[in-house]
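Accompanying notes for the structure given below.
The values are calculated or read from the model by the stated rules, or taken from the named source; none is laboratory data. Treat the numbers as computed from the prediction; the structure is a model and nothing was measured. Cβ sites come from the backbone with ideal geometry, for glycine too, and all protein chains shown count toward neighbours.
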Amino acid sequence: MILIADSGSTKAEWVILSDQGIAETIFTSGINPFYQDSSQIALQLQHEFTLGQKNFEAIHFYGAGCINPEKEEIVRKALSQVFEAPDIFVGSDLLAAARSLCQDLAGIACILGTGSNSCYYNGTEIIDHVSPLGFILGDEGSGAVLGKKLISDVLKNQLPKVLIDAFFEEYPAKAAEIMENVYKQPYPSRYLAGFTRFLSKKIERPEIENIVLQGFRDFVMRNLMKYDRVNEIPVHFTGSIAFHFEAQLRKVFKEQHLDLGKIEQAPMNGLIAYHQNKIKNQNL
């Protein structure tokens with residue numbers, strides 16, 4: 001049996017996979033080595049990973065923040081403290097998206113969730129990547145950036161009063177409380193992304209839809225247009241923002257004359273297919 005994990009900053013999905021298919025699935029809180037050290041991750045898993053199986057032939061963990069060997073090692077060390085496995089692979093959530101969406105074919109794989117990211121995948125590995133830079137400097141089109149734009153428009157009275165009133169009816173927080181959560185509390189990107197529920201509920205309003213459309217246009221222009229083959233190969237997406245705002249994403253792709261490929265809410269189903277194929281070929 002092997003263990004596959006797909007972790008964002010908010011939640012993680014774990015699947016135990018055998019040659020017969022899925023054995024068990026569990027969800028835990030998200031893991032991110034930018035915000036947690038090995039001991040914190042291990043303690044979290046000891047509390048939240050409640051499945052009895054702890055011994056595996058291999059573990060494949062894909063996660064937000066696993067962008068360099070140092071961060072990958074933080075997660076690998078934590079996993080080795082909780083599980084028994086001779087082979088522990090730790091890779092980025094972007095590699096998870098590429099393997100899930102493209103399998104063994106070339107394509108551009110994108111994430112639009114709490115954060116955003118993209119890469120050119122040649123069917124085997126990521127060979128080109130535009131750095132997302134996080135929600136302060138980048139992360140165009142992400143839930144955090146869309147939420148940030150909404151909050152800014154609300155607090156600066158850039159939206160019609162009826163929308164501002166509706167916002168504070170749904171989120172009865174004062175400006176000072178919002179600023180506290182954004183600037184002083186942990187996980188500000190997760191906090192900001194939570195406001196995309198309001199965007200979804202009010203998407204029929206042009207002022208609201210324009211926030212989403214412009215976020216996606218920025219993502220295309222500042223990220224996708226940097227890939228040489230963007231006009232030749234499909235561009236695939238995974239993530240809650242891409243999934244729930246599919247109509248707006250399609251509008252932007254039509255404007256830019258790009259080939260929109262798959263849109264999946266999460267990469268796990270594609271990862272299962274990818275690793276099942278590896279199991280068949282005895283390449284865990």
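Quick notes on this one:
- Here is the figure for the range 187-210: residues that are under 20 Å from the mean Cα position of the chain (by Cα) and in a helix (DSSP H, G or I) total 11.
- Residues (among the hydrophobic types (A, V, I, L, M, F, W, C) and either in contact (Cβ under 8 Å) with a residue 60 or more places away in the chain or in contact with a His (Cβ under 7 Å, 6 or more places away or on another chain) (or both)) located in the range 122-142: V130
- In the range 241-262, the residues that are among the aliphatic types (A, V, I, L, M), within 19 Å of R197 (Cβ to Cβ) and surrounded by fewer than 19 Cβ atoms within 10 Å (Cβ to Cβ): A247
- Which listed residue is crowded, with 24+ Cβ neighbours inside 10 Å, within 25 Å of S39 (Cβ to Cβ), in contact with a Leu (Cβ under 8 Å, 6 or more places away or on another chain) and touching a residue at least 24 places away in the same chain (Cβ under 8 Å), from A85, A96: A96
- Looking only at the range 27-58, and only at residues there that are modelled with pLDDT of 90 or more, of a type in the set (A, V, I, L, M, F, W, C) and more than 24 Å from G143 (Cβ to Cβ), the one that is farthest from the chain's Cα centre (by Cα): F56
- Residue within the range 66-77 that is surrounded by 14 or more Cβ atoms within 10 Å (Cβ to Cβ) and under 30 Å from E232 (Cα atoms) present: yes
- Flag if L150 is touching a strand residue (DSSP E or B) at 6+ places or on another chain (Cβ under 8 Å) and either crowded, with 16+ Cβ neighbours inside 10 Å or outside any helix (DSSP H, G or I) (or both): no
- Test: Y171 is within 20 Å of Y227 (Cβ to Cβ) and either surrounded by 14 or more Cβ atoms within 10 Å (Cβ to Cβ) or of a type in the set (G, A, S) (or both): no
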